[in-house]
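Asks: So that we are looking at the same thing, I have put the structure below in structure tokens.
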Amino acid sequence: MAQKPSIPKGTRDFSPIEVAKRQYIMSVIKKHFERSGFQPIETPSFENSETLMGKYGEEGDRLIFKILNSGDFLAKTNEEFLQTKNSLKITSQISEKALRYDLTVPFARYVVQHQNELEFPFKRYQIQPVWRADRPQKGRFREFYQCDADVVGSTSLWQEVELVQLYDAVFTDLKVEGVTIKINNRKILSGIAEVIGASDKLIDFTVALDKLDKIGEDGVKAEMLAKGISEEALVKVQPLFNFNGSLTEKLNQLRELLSTSVEGTKGVDELTFICETVEELGLKSATLNLDVTLARGLNYYTGAIFEVAAPETVKLGSIGGGGRYDDLTGIFGLKNMSGVGISFGLDRIYLVIEELNVFPETVSNVTDVLFLNFGDNEAKYCLKVIRELRDDGVNAELYPDKTKMAKQFQFAEKKGIKYAVIVGETEMQQNIFALKNLNSGEQKNVTLQELQQVLLK
């Protein structure tokens, strides 16, 4: 008995209408990327392991999908490692490649490899799938698309301002109004770690803080204690969990808290410029909010960090994020190449639009008109007309088989096709077409010109 087919957990098949909706989202994002001067690139779905490993922190490294070497991948493995089941050592010997975890590190590798061909500052966008060995749940998949926009070769904070505006423009265009663009700065987190006497635990501090929305204040504190951050430090960090007020009030509280930290004060200055400028320029439908607990777990961020929360009516995690990385290309040998970028989470945005029910009715790849098949002569006659309609931009198709009309009509209705055209001997002789509206049931004879007018509306 044949085994029932299945797909890996955390992956999905997409129906024609789902693909059409996803392509609609991507087209809107792409449109705004290009309007803002970003150019498209693509990188391979897998990279050399050494390109990816060690760039995302300990937790990120665990989520990278490794690819087994071709052939007898165990042949050259150290026997001792096999006997002691040293998986870390074995992995490096049996896997030299890995599926990309995100688009940012491959982009940094791309910049270094192609630096002599690029004009800096270089603005690129990339819309491609990434893979993470995460635990599947609502809105979290193992294979998903990222839609990234990055600028490298400039330290100007005007880039951050423009990226906030880009987020606002895309979500407004998608009718996802009321998103919150959360902003913080890694320099502020470094300053806080310095002020509480935990500079040596900065990574542990930020990784724990980044989980606040998942495990709550008590959970974050418990993890910090487990990582060796003292009780005294947690008392000093308590104001972080109680920040409120306007953007200006929050910035003033931060400036006071970090007055003894040069790094922290610099972070406050950067945030002040971004927030005050955005506030002065205004946003269409999004809200900018300073969230001092926002950490984003990726180690390569060095300045401003962003995360976009869905409208409050939709209970879902972040639908976008990004930040400033001052020396990501440095790990590949190109120093002093600052960059900043943001990402749109296509799959989660899809879920948000579905829940808000704001997909346009026109979003579909459904055929506009089906020509029924009454035989070879009629089919040949119809195909000439179909070619003209397709040239005019109409989605038209011919039913391939000569079969009962009822079956052909049923096919059209199941596919959601609005119009059917009937061409028999009489219609061919009179050079007319019997056009039936499958929604209303109305049928009438029309000329080719009238048929074109109806279908091109």
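Asks: Give the residue, chosen from 49, 70, that is open to solvent by 90 Å² or more (accessible area, probe 1.4 Å), of a type in the set (Gly, Ala, Ser) and more than 20 Å from the chain's Cα centre (by Cα).
Replies: 70
Asks: Looking only at region 356-393, how many residues end up being acidic (Asp, Glu) and not in a helix (DSSP H, G or I)?
Replies: Qualifying residue count for the region: 3.
Asks: Right, here's the next one. If we scan region 284-292, do we find a residue that is assigned to a helix (DSSP H, G or I) and loosely packed, with under 13 Cβ neighbours inside 10 Å?
Replies: Within region 284-292, none of the residues are assigned to a helix (DSSP H, G or I) and loosely packed, with under 13 Cβ neighbours inside 10 Å.
Asks: Still on this structure, please answer the following. I'm trying to understand the selection: among the residues of region 219-256, which are at pLDDT below 85, closer than 19 Å to residue 289 by Cα and assigned to a helix (DSSP H, G or I)?
Replies: 239, 240, 241, 242
Asks: Also, quick follow-up: Select from region 333-361 the residues that are open to solvent by 50 Å² or more (accessible area, probe 1.4 Å) and either within 20 Å of the chain's Cα centre (by Cα) or within 26 Å of residue 11 (Cβ to Cβ) (or both) and list them in ascending order.
Replies: Hits for region 333-361 are 351, 354, 355, 356, 357.
Asks: Does residue 179 satisfy the condition of being buried (at least 23 other Cβ atoms within 10 Å of the Cβ) and either among the hydroxyl-bearing types (Ser, Thr, Tyr) or in contact (Cβ under 8 Å) with a residue 12 or more places away in the chain (or both)?
Replies: Spelling it out, residue 179 is indeed buried (at least 23 other Cβ atoms within 10 Å of the Cβ) and either among the hydroxyl-bearing types (Ser, Thr, Tyr) or in contact (Cβ under 8 Å) with a residue 12 or more places away in the chain (or both).
Asks: Moving on. Does residue 369 satisfy the criteria of being open to solvent by less than 50 Å² (accessible area, probe 1.4 Å) and over 39 Å from the mean Cα position of the chain (by Cα)?
Replies: No, not satisfied.
Asks: Those residues that are among the β-branched types (Val, Ile, Thr) and without any contact (Cβ under 8 Å) to a residue 40 or more places away in the chain, I need them from region 104-157; list them, please.
Replies: Result: 130, single match.
Asks: I'd like to check something: does region 391-401 contain any residue that is loosely packed, with under 13 Cβ neighbours inside 10 Å and within 17 Å of residue 447 (Cα to Cα)?
Replies: Yes.
Asks: Would you point out which residue out of 203, 215, 188, 192 is within 29 Å of residue 288 (Cβ to Cβ), at pLDDT 80 or above and open to solvent by 50 Å² or more (accessible area, probe 1.4 Å)?
Replies: 215
Asks: Taking the condition touching a Ser or Thr at 6+ places or on another chain (Cβ under 6 Å), of a type in the set (A, V, I, L, M) and part of a helix (DSSP H, G or I), does residue 208 pass?
Replies: No; evaluated as a whole, the condition is false for this residue.
Asks: Continuing with the same structure: Inside region 435-451, can you point out the residues that are surrounded by 13 or more Cβ atoms within 10 Å (Cβ to Cβ) and farther than 21 Å from residue 415 by Cα?
Replies: Of everything in region 435-451, those that are surrounded by 13 or more Cβ atoms within 10 Å (Cβ to Cβ) and farther than 21 Å from residue 415 by Cα turn out to be 445, 446, 448, 450.
Asks: Within the bounds of region 2-12, is there any residue that is among the aliphatic types (A, V, I, L, M) and either loosely packed, with under 11 Cβ neighbours inside 10 Å or more than 17 Å from the chain's Cα centre (by Cα) (or both)?
Replies: Yes: one or more hits.
Asks: Does any residue of region 91-107 turn out to be aromatic (Phe, Trp, Tyr) and at pLDDT below 90?
Replies: Checked region 91-107: no residue is aromatic (Phe, Trp, Tyr) and at pLDDT below 90.
Asks: Condition first: closer than 24 Å to residue 42 by Cβ and exposed (fewer than 10 other Cβ atoms within 10 Å of the Cβ). Now tell me which residues in region 13-31 satisfy that.
Replies: 13
The values are calculated or read from the model by the stated rules, or taken from the named source; none is laboratory data. All of these numbers come straight from a predicted model, not from anything done at the bench. Here Cβ is always computed from backbone atoms with ideal geometry, including for glycine, and neighbour counts include all displayed protein chains. Quick note on the areas: whole protein, heavy atoms, side chains included, nothing else; ligands and nucleic acids left out. Shrake-Rupley method; radii C 1.70, N 1.55, O 1.52, S 1.80 Å.
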